[in-house]
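Report on the following structure.
The values are calculated or read from the model by the stated rules, or taken from the named source; none is laboratory data. Please read these numbers as outputs of a predicted model, since none were measured by experiment. Backbone-built Cβ (ideal geometry, glycine too); neighbour counts: all protein chains shown.
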Amino acid sequence: MDFRIKGKKVIGLTGGISSGKSTVLEIFGELGAETICADNLGRKYFEILKDRIAETFNTADRAKIASLIFKDDAKRKWLENLLHPMIILQAQEIIKNTDKAIIVFDLPLLFEAGLEGGFDLTICVWADDKVRLARALAKGFEREDFKRRDLKQYGLELKADKADIVICNNGDRKTLKEKTVRIFNIIKGNQ
């Protein structure tokens with residue numbers, strides 16, 4: 001799967017749960033990049049396919065389904081196989097049609113899906129496990145739910161090793177923004 005387009009810099013963004021990748025994506029958008037969030041696209045296609053999903057899960061409640069899929073690998077794979085192709089196609093359309101020269105695509109499962117080779121650059125947002133857990137709990141996650149979901153992804157150390165750039169996010173938003181701005185300016189200067 002290749003997202004790269006001549007004349008544009010297409011960046012794959014990843015990280016763990018509550019590492020700050022959504023905030024980094026938002027900052028890139030503020031700086032003028034085209035931003036794509038796989039989770040947002042997933043929610044869009046979930047709504048479109050809600051009836052079909054409800055047939056399989058006996059519910060259309062996203063919270064209940066999320067709880068089920070992180071306990072049942074077969075159901076998680078079924079839902080991924082249903083939604084991921086549509087997410088990828090939509091992202092490709094956005095990348096192709098945008099006038100912006102820098103595109104940042106937030107994919108939590110970037111490396112797990114083997115998509116890293118399709119980007120000009122990959123970035124991993126990294127944070128200590130304790131920091132991520134505290135952030136997740138503050139968002140309303142249960143500790144066990146956080147752990148279950150986190151175990152379904154590669155560990156952050158592995159993601160960081162695979163990424164071209166790692167942004168450490170154990171601090172506040174101001175510090176994260178400063179780091180992201182520096183990276184954006186380097187990318188912009190290397191076009």
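Yes/no per residue for (1) at pLDDT below 95; (2) of a type in the set (A, V, I, L, M); (3) under 16 Å from the mean Cα position of the chain (by Cα):
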{"site": "D2", "(1), (2), (3)": "yes, no, no"}
{"site": "S18", "(1), (2), (3)": "yes, no, yes"}
{"site": "L31", "(1), (2), (3)": "no, yes, no"}
{"site": "T59", "(1), (2), (3)": "yes, no, no"}
Within 21 Å of R148 (Cα to Cα) and either in contact (Cβ under 8 Å) with a residue 24 or more places away in the chain or polar (S, T, N, Q) (or both): which single residue out of A101, A91, A127 fits that description?
A127
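Do any helices (runs of 4 or more DSSP H) lying entirely in region 133-191 carry at least 1 residues that are in contact with a strand residue (DSSP E or B) (Cβ under 9 Å, 6 or more places away or on another chain), and which ones are they?
Qualifying helices (runs of 4 or more DSSP H): 156-162, 173-189.
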Note on region 26-64: residues more than 29 Å from K96 (Cβ to Cβ), assigned to a loop (DSSP other than H, G, I, E, B) and of a type in the set (G, A, S) are A60
Are there any pairs, at least 6 apart or on different chains, whose C-beta atoms fall under 9 Å, with the first in region 133-159 and surrounded by 18 or more Cβ atoms within 10 Å (Cβ to Cβ) and the second of a type in the set (D, E) and in a helix (DSSP H, G or I), and if so, which?
L133/D150; A136/D145; A136/D150; D150/D129; L156/D129; L156/D150
If you take the residues of region 112-132 that are outside any loop (DSSP other than H, G, I, E, B) and out of contact with any strand residue (DSSP E or B) (no Cβ under 7 Å at 6 or more places or on another chain), which of them is nearest to H84 (Cα to Cα)?
G118
Only one of (1) closer than 25 Å to K174 by Cβ; (2) hydroxyl-bearing (S, T, Y); (3) assigned to a helix (DSSP H, G or I) is not met by S19, so which one is it?
(3)
Quick count over region 84-111, residues being farther than 21 Å from A163 by Cβ and touching a strand residue (DSSP E or B) at 6+ places or on another chain (Cβ under 7 Å), is 4
Looking only at residues in region 160-189 that are in contact (Cβ under 8 Å) with a residue 24 or more places away in the chain and among the polar types (S, T, N, Q), which one is surrounded by the fewest Cβ atoms within 10 Å (Cβ to Cβ)?
N170
Checked region 65-102 for anything in a helix (DSSP H, G or I), at pLDDT below 90 and among the charged types (D, E, K, R); matches are D73, R76
